[in-house]
Amino acid sequence: MDETEVLIAGAGPTGLVLALWLVRQGVGVRIVDRSAGPGTSSRAMAVQARTLELYRQLDLVDEIVGGGLRNPAINLWVKGERRARLSFRDAGRELTPYPFVLIYPQDRHERVLVRRLEEAGVTVERNTELLDFEQDAAGVTARLRGPAGESVCRAAWLAGCDGAHSVVRHRLGTGFEGGTYQHTFYVADVEVSGPAANGEIHLSLEEGDFAALFSYDQQGNARLIGAVRDAEVREGHTLAFDDVRQRAIASLGLTIRQVNWFSTYRVHHRVTGHYRSGRALLLGDAAHVHSPAGGQGMNTGIGDAINVAWKLTHVLRGRAPETLIDTYEAERKAFAQRLVETTDRAFSFVVAEGGFADFVRTHIAPLFASAAYGIEPVRAFMFRVLSQMGIHYPDSPLSAGSAGHVRGGDRLPWTGYGGGPDNHAPLAAIAWQVHVYGEAAPALQAWCAGRGIALYRYDWCDACQAAGLVRDAVYLVRPDTYVALVDRAGERDTLEAYFTERGIHPA
């Protein structure tokens, strides 16, 4: 019987990121996948700013950004005219080092993650599937089938990153409540030319039709998605791209030179009942699926992985009680439910049929979007939502305190705009740390040194104030870069009590 600390079922981006973050922290992993190799089609395309921020922890961000295309704006088209241009750069430049949506095809993305994992000494076990598992208080016994036949693996924890048809979820019986959109959708990788082939994102809204174009290089290679109307779906007929070419595509002024890949699919919106059952966990599409509106799916799975990786490490190393793992569901499920609701409304709006729906979509929506985006607070809010920088955990058992505009559970604001310090640079360490913007009391410095927690002190500056921070307050930052505790008074006793109450040993 093989043994490991964490057995990961599924080697998509979620499973690969989980493995990378665990290995970086010294945890032993096995990662298996039933496929023969990484995907060859560019499924998920968008890498959001929050994911890029988190990728700094493993020095991944420069390679990922360098391999993709920075999309600086979304353009809204109606009946062949561009009605609005929503600039990410204007909205996000004060908030993050990455004020754009990076378009980076999933197949390329996965290859980078696989290579980085191999460099860390772990190889994905291909053509190997999880058949079944049993668990007890100490771990999981899994039955696998690979090229050499069946085998058994004993692991302290099992991570189900095995997609929407998850074997782990089915075995746990945690359910998958939700539904399926009535429309059939198409996705195509195309080579195009025309005014919309300019490296930006374009959404074309027509009466009874829509199309979205995502360029992933400057040579006209792009992803095109849209809805297939019921009249085009005929029993016994296999849809091809010529069957679904619609007015919305023509309205973008596109000339499609080549179709390299085409597929149709149904979209589901579902969330599992529980993210954890005993020693088994669900992550990514195994826990939640939703419409592709906003390019959130892959990024949400990656966020799941980074959220739970440090918690598993703490528990495996005896630095926290097993109840720490329960905060994974408490934090991530609430976000997944909000995401499903939000993308459901957005997608339903885009595909709604009928005269009134067409009027709102083609006349009211572009005017509203353009006007709202001209208001700075609204523009920043929209960017936070799309980029996933707005994800926060105010109700988590790990969140406490507030000062200024920051409270426990928030992403640590970035202060690097306008000449301020890059306070996100120290977050490359997957470790607890303390930040102070102003003066740090000697007693606090002594406590951090005694606890083995890094203390980062920055001179107070205009950028600190603009980010919503408070002078001389203490910000305790979790290993996944979220603020755990905010203490305006900067008392070491408050920090000590935080860890004591939760049974966490930070270093």
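Before moving on, here are some points about what is shown:
- Screening the stretch 388-507 for helices (runs of 4 or more DSSP H) wholly inside it with 1 or more residues that are in contact (Cβ under 8 Å) with a residue 60 or more places away in the chain returns the ranges 462-466, 492-502.
- Of the residues examined, Ile8 is one that is part of a strand (DSSP E or B) and at pLDDT 95 or above.
- Single unsatisfied condition, Ala11 versus (1) surrounded by 24 or more Cβ atoms within 10 Å (Cβ to Cβ); (2) more than 13 Å from His109 (Cβ to Cβ): (2)
- Cross-chain or 6+ apart pairs with Cβ under 9 Å, the stretch 306-330 first and within 14 Å of His505 (Cα to Cα), then at pLDDT below 95 and of a type in the set (A, V, I, L, M, F, W, C): Arg319/Ala507
- Scan of the stretch 95-124 for residues that are crowded, with 19+ Cβ neighbours inside 10 Å and either assigned to a loop (DSSP other than H, G, I, E, B) or more than 20 Å from the chain's Cα centre (by Cα) (or both), ordered by number: Leu95, Thr96, Tyr98, Pro99, Phe100, Tyr104, Pro105, Val122, Val124
- Considering only residues in the stretch 441-485 that are basic (Lys, Arg) and surrounded by fewer than 20 Cβ atoms within 10 Å (Cβ to Cβ), the one that is farthest from Pro413 (Cα to Cα) turns out to be Arg451.
Quick grid of which residues meet (1) assigned by TED's automatic domain parsing to the domain that holds Ala280; (2) part of a strand (DSSP E or B); (3) touching a helix residue (DSSP H, G or I) at 6+ places or on another chain (Cβ under 8 Å); (4) within 29 Å of Ala19 (Cβ to Cβ):
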{"residue": "Leu144", "(1), (2), (3), (4)": "yes, yes, no, yes"}
{"residue": "Val152", "(1), (2), (3), (4)": "yes, yes, no, yes"}
{"residue": "Trp157", "(1), (2), (3), (4)": "yes, yes, yes, yes"}
{"residue": "Gly163", "(1), (2), (3), (4)": "yes, no, yes, yes"}
{"residue": "His170", "(1), (2), (3), (4)": "yes, no, no, yes"}
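- Residue that is within 14 Å of Ala400 (Cα to Cα), more than 31 Å from the chain's Cα centre (by Cα) and of a type in the set (A, V, I, L, M, F, W, C), where the choices are Ala473, Ala489: Ala489
- When Ile74, Ile31 are checked against the criterion of being part of a strand (DSSP E or B), β-branched (Val, Ile, Thr) and at pLDDT below 90, Ile74 stands alone in meeting it.
- Hey, Asp59 more than 29 Å from Leu203 (Cα to Cα), among the acidic types (Asp, Glu) and under 20 Å from the mean Cα position of the chain (by Cα) or not: yes
- Filtered by the rule that a residue be of a type in the set (Asp, Glu) and surrounded by fewer than 20 Cβ atoms within 10 Å (Cβ to Cβ), the stretch 384-419 gives a lone residue, Asp395.
- Arg407 vs. criteria among the basic types (Lys, Arg), under 22 Å from the mean Cα position of the chain (by Cα), closer than 24 Å to Asp493 by Cα and at pLDDT 95 or above: yes
- Checking every residue in the stretch 78-86 against the condition of being out of contact with any strand residue (DSSP E or B) (no Cβ under 7 Å at 6 or more places or on another chain) and part of a helix (DSSP H, G or I) gives zero matches.
- Residues of the stretch 281-294 that are among the hydrophobic types (A, V, I, L, M, F, W, C) and either outside the structural domain of Thr51 (by TED's automatic domain parsing) or in contact with a Phe, Trp or Tyr (Cβ under 7 Å, 6 or more places away or on another chain) (or both): Leu281, Leu282, Ala287, Ala293.
The values are calculated or read from the model by the stated rules, or taken from the named source; none is laboratory data. Being a predicted model, the structure only gives us computed values, none of them experimental. With ideal geometry, Cβ positions are generated from the backbone for all residues, glycine too; neighbour counts draw on all protein chains shown.
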